[in-house]
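Notes to accompany the following structure.
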There are 2 protein chains.
Amino acid sequence: MQDTLSQTFSALADPTRRAMLAKLSKGEANVSDLAKPFLKEMSLPAITKHLKVLEKAGLITKTRSAQWRPCKINGIALKNAADWMEQYRVFWEESFDRLEAYLKTVVPRKPGKGTKNARKKI
Amino acid sequence: MQDTLSQTFSALADPTRRAMLAKLSKGEANVSDLAKPFLKEMSLPAITKHLKVLEKAGLITKTRSAQWRPCKINGIALKNAADWMEQYRVFWEESFDRLEAYLKTVVPRKPGKGTKNARKKI
DNA sequence: GCTATAATTAACTAAGTAGTTAATTAACTA
DNA sequence: TAGTTAATTAACTACTTAGTTAATTATAGC
């Protein structure tokens with residue numbers, strides 16, 4: 001049994017599942033709606049399994065309505081993952097700052113129109 | 001070959017690797033520094049493999065200094081994952097709002113000191 | 001050159017994951 | 001009740017992952 005965060009991240013570590021979440025972010029959808037874009041590449045049971053992974057990770061909720069299974073996205077699990085990432089924000093902002101600082105040494109700010117011959121001004 | 005985002009998320013889907021990132025968020029560390037908390041549970045080659053996963057995902061950078069391999073955290077890959085998550089923020093904020101709204105129906109706002117007997121005021 | 005330390009590589013195993021096809025369940029519809 | 005649609009379950013295969021132990025590489029220091 002995996003911890004919750006590992007389960008969330010490993011559910012997100014698949015492009016098919018992320019595409020399903022993207023579709024669900026536009027509104028509820030049945031299994032067959034979600035399956036449609038992938039049926040050339042994989043079978044319906046494969047889709048069922050992907051949805052089960054998302055459901056176990058708490059990323060979606062599946063309900064029943066006659067023979068359909070409307071699914072909807074569930075924000076909480078995503079929030080937990082996002083909160084975990086948040087503690088590292090300083091690292092990507094700092095590396096952005098370094099990139100920005102570097103770019104300033106290569107191309108001076110406000111070099112007039114365009115950047116052609118900009119270095120001449122240094 | 002996996003896409004970049006899948007590689008990032010699957011690297012994050014392991015508590016040992018997340019703990020290593022947590023350690024690296026306090027500053028650079030060698031392989032053996034990173035290994036120390038885990039050597040009761042797993043061998044050094046297992047650690048090497050975890051670090052390789054993090055490195056391939058671009059989450060850390062490993063350099064060389066004599067026989068040591070100082071590692072440092074690399075913000076960019078984390079930023080890409082965080083940027084992906086950002087598009088779903090509305091879903092977790094909305095579910096937080098629903099929770100908040102619900103709580104207001106159960107416990108009224110400003111119920112005086114403490115919440116004991118608060119419902120009497122409804 | 002010998003020895004200790006740091007880390008990796010090789011070869012292997014056990015368990016988990018992603019997919020398949022065939023069969024089954026469940027609900028609606030004529 | 002027979003047929004159709006929606007989805008799942010079962011049983012299986014191929015591949016990947018996470019770990020192991022034993023051997024190896026590379027550097028430092030005496």
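The values are calculated or read from the model by the stated rules, or taken from the named source; none is laboratory data. Everything quoted here is computed from the prediction, not taken from an experiment. Because the Cβ atoms are built from the backbone with ideal geometry, glycine has one as well, and the counts that use them run over all protein chains shown. Quick note on the areas: whole protein, heavy atoms, side chains included, nothing else; ligands and nucleic acids left out. Shrake-Rupley method; radii C 1.70, N 1.55, O 1.52, S 1.80 Å.
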Between a residue in the range A:56-71 that is aromatic (Phe, Trp, Tyr) and any residue that is modelled with pLDDT of 95 or more and in a loop (DSSP other than H, G, I, E, B), which pairs come within a Cβ distance under 9 Å, given they are 6 or more apart or on different chains? A:Trp68/A:Asn30
So which residues in the range A:89-102 are surrounded by 13 or more Cβ atoms within 10 Å (Cβ to Cβ) and modelled with pLDDT of 65 or more, if there are any at all? A:Arg89, A:Phe91, A:Trp92
Of all the residues that make up the range B:65-88, how many are farther than 19 Å from B:Lys23 by Cα and open to solvent by 70 Å² or more (accessible area, probe 1.4 Å)? 6
Determine which single condition B:Tyr88 fails, assuming it passes every other condition in (1) more than 9 Å from every other protein chain (Cβ to nearest Cβ); (2) more than 23 Å from A:Glu94 (Cβ to Cβ). (1)
Is there a residue in the range A:44-52 that is exposed (fewer than 14 other Cβ atoms within 10 Å of the Cβ) and not in a helix (DSSP H, G or I)? no
Could you list, in sequence order, all residues of the range A:11-43 that are in a helix (DSSP H, G or I), within 11 Å of chain B (Cβ to nearest Cβ) and touching a residue at least 12 places away in the same chain (Cβ under 8 Å)? A:Ala11, A:Leu12, A:Thr16, A:Arg17, A:Leu21, A:Leu24
Quick check on this structure: which one of A:Thr115, A:Thr105 is modelled with pLDDT under 95, out of contact with any Lys or Arg (no Cβ under 6 Å at 6 or more places or on another chain) and assigned to a loop (DSSP other than H, G, I, E, B)? A:Thr115
In the range B:59-85, how many residues are among the basic types (Lys, Arg) and facing another protein chain (nearest Cβ under 10 Å)? 2
Filtered residues of the range A:1-32 (kept if within 11 Å of DNA strand D (Cβ to nearest atom) and either open to solvent by 60 Å² or more (accessible area, probe 1.4 Å) or touching a Gly at 6+ places or on another chain (Cβ under 7 Å) (or both)): A:Gln2, A:Glu28, A:Ser32
Scan of the range B:41-96 for residues that are touching a strand residue (DSSP E or B) at 6+ places or on another chain (Cβ under 8 Å) and within 20 Å of A:Ala81 (Cβ to Cβ), ordered by number: B:Leu54, B:Leu59, B:Ile60, B:Ile73, B:Asn74, B:Tyr88, B:Phe91
More than 10 Å from DNA strand D (Cβ to nearest atom) and either at pLDDT 95 or above or touching a helix residue (DSSP H, G or I) at 6+ places or on another chain (Cβ under 8 Å) (or both): which single residue out of B:Leu39, B:Leu59 fits that description? B:Leu59
